[in-house]
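Please read the structure below before turning to the comments.
The values are calculated or read from the model by the stated rules, or taken from the named source; none is laboratory data. This one's a predicted model, so the numbers in the text were calculated from it and none came from an experiment. When we count neighbours, we look across all protein chains shown, and the Cβ atoms used for this are built from the backbone with ideal geometry, even at glycine. Surface accessibility is based on the protein's heavy atoms, side chains included, excluding ligands, DNA and RNA. Shrake-Rupley method; radii C 1.70, N 1.55, O 1.52, S 1.80 Å.
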Amino acid sequence: MQKPSLPSSKDKTIIVFSGDLNKVIAAFIIANGALSMGRKVSMFFTFWGLNALKKEKKPANIKKNFIEKMFDFMLPRGSKKLALSKMNFSGFGPVLIRKIMKDHNIASVEELIKTALSNGAKLIACQMTMDLMGIKKEELIEGVEIGGVATFLEAVENSDATLFI
Amino acid sequence: MQKPSLPSSKDKTIIVFSGDLNKVIAAFIIANGALSMGRKVSMFFTFWGLNALKKEKKPANIKKNFIEKMFDFMLPRGSKKLALSKMNFSGFGPVLIRKIMKDHNIASVEELIKTALSNGAKLIACQMTMDLMGIKKEELIEGVEIGGVATFLEAVENSDATLFI
Amino acid sequence: MQKPSLPSSKDKTIIVFSGDLNKVIAAFIIANGALSMGRKVSMFFTFWGLNALKKEKKPANIKKNFIEKMFDFMLPRGSKKLALSKMNFSGFGPVLIRKIMKDHNIASVEELIKTALSNGAKLIACQMTMDLMGIKKEELIEGVEIGGVATFLEAVENSDATLFI
């Protein structure tokens, strides 16, 4: 007699809504921990979270309208520009966190992102946020996919845990 | 031989703790996505999240004590008054987000709430928050239920994913 | 014929990232609700959340380096010093919340923590955060364990719901 096959996915889904440096770090530490245990991980970046996936330098020849330019000017470009939710001190806080992470041999957020990608994490940029803020695919780091709420919910239903960070 | 019936609920539970406009939008976009896939959705509004469920106009004849009046004066009344977690700019940020959502044919938060209710979402106001802040049932929009942590946990245990937003 | 045993754990895992008084209160109200229903609860305290687990008085004879002293000076010591995410008013907001919680016979956060511990909740302090901020085990209240991301993920995979607060 056959055992029934149980729905036993241990995949994880993480929605990264926040663009705070320490929340993005927390998201990737959890993701990389799960990947190292052999779990599939989908990370869905929406609203401020999307800033973490921007390339450090904006590609040339990207055209934006007035409002898109405003967002462009005001939002941080890439993981190196993310701020802290507390104790930001005009940018000194993130410098401090980065220094002590390095002193304690903890990977930087850029390394954490690279590790996640090379271990197979799916990084998905929210289509609606891109539309709203006028962010173009060429502005995002290599390896990022684009998806909507249906993509997100499909990942959620294949996961045993979903975190909203 | 009968197949065993597996616990396969795909319901979703969302706890809306934040009253930030963009987090409330995210909560309802996820909720409406799940509803359109035929899932049951319970949304539990607590602390600042409860502001999203207030009617735009306070009903007449509601009596509040001094502390309740203070909360009443200081907290936003209804979804049209919610602020952004970042870039609020004394209320200009939300105006901007609302404008670009409209420009991109994305439903306003008021429409998102209406859609959720008419598609069967349960919107539950946290009893304890109402007691603490002196919010009366008559101040909340039609269709909202009231419940406590037990109501919340029952929904959680019938769901395959719970988000704390 | 035997029924197959289904994976039916109803344990809960809560990651407390935030150190905001009202989010910590929400976390413990959910935890204590689940404990009272007979569920096992693991709470994992990371980044600012760890402040909630500090003893009110720093034990004597703890040596810290310069950066650790800076964190020590700037971060709140224990649950009585936590601030609100909104309406903090230089500390008046938390006093108000505490007063109205008392007026409504709701347990203080210190009582909520004690109840959780005595009902068997596992309170786990994040090793990495302790390392980064130079927080020593002797600074944390009695009954707290220390763990890393693997401890967290193990709890997650034994739970039917995980909240990131």
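Put B:ASP160, C:ASP103 in order of accessible area, highest first, and with a 1.4 Å probe you get C:ASP103, B:ASP160. For the set B:SER118, A:SER18, the ranking by accessible area, highest first and with no ligand, DNA or RNA atoms included, is B:SER118, A:SER18 under a 1.4 Å probe. Three principal axis extents of the stretch A:89-165 based on alpha-carbon atoms, in descending order, are 41, 32, 23 Å. Projecting 7 Å from Cα along the Cα-to-Cβ direction, the label point of A:SER9 sits 1.9, 1.9 nm from its equivalents in the other copies, listed shortest first. Multiplying each eigenvalue of the alpha-carbon gyration tensor of the stretch C:98-143 by 5 and taking the square root yields semi-axes of 27, 14, 8 Å, largest first, rounded to whole angstroms.
Between this copy and the others, label points of A:ASN158 are 2.8, 2.8 nm apart in ascending order, each placed 7 angstrom from Cα in the Cβ direction.
Using 20 Å bins from zero, what percent of all Cα-Cα pairs in the protein assembly as shown falls into each bin? For the protein assembly as shown, the pair-distance distribution reads 23, 59, 18, 0. Each of the GluC sites (Glu not before Pro) that DSSP puts in a loop and that has at most 15 other Cβ atoms within 10 Å breaks chain B; the longest unbroken stretch is B:57-141.
Any number yet on Rg/Rh for the stretch B:23-153, C-alpha, Kirkwood? Could you put the intermediate results ahead of the total?
Values: Rg = 15.2 Å, Rh = 15.6 Å.
Expressed as Rg/Rh, it is 0.97.
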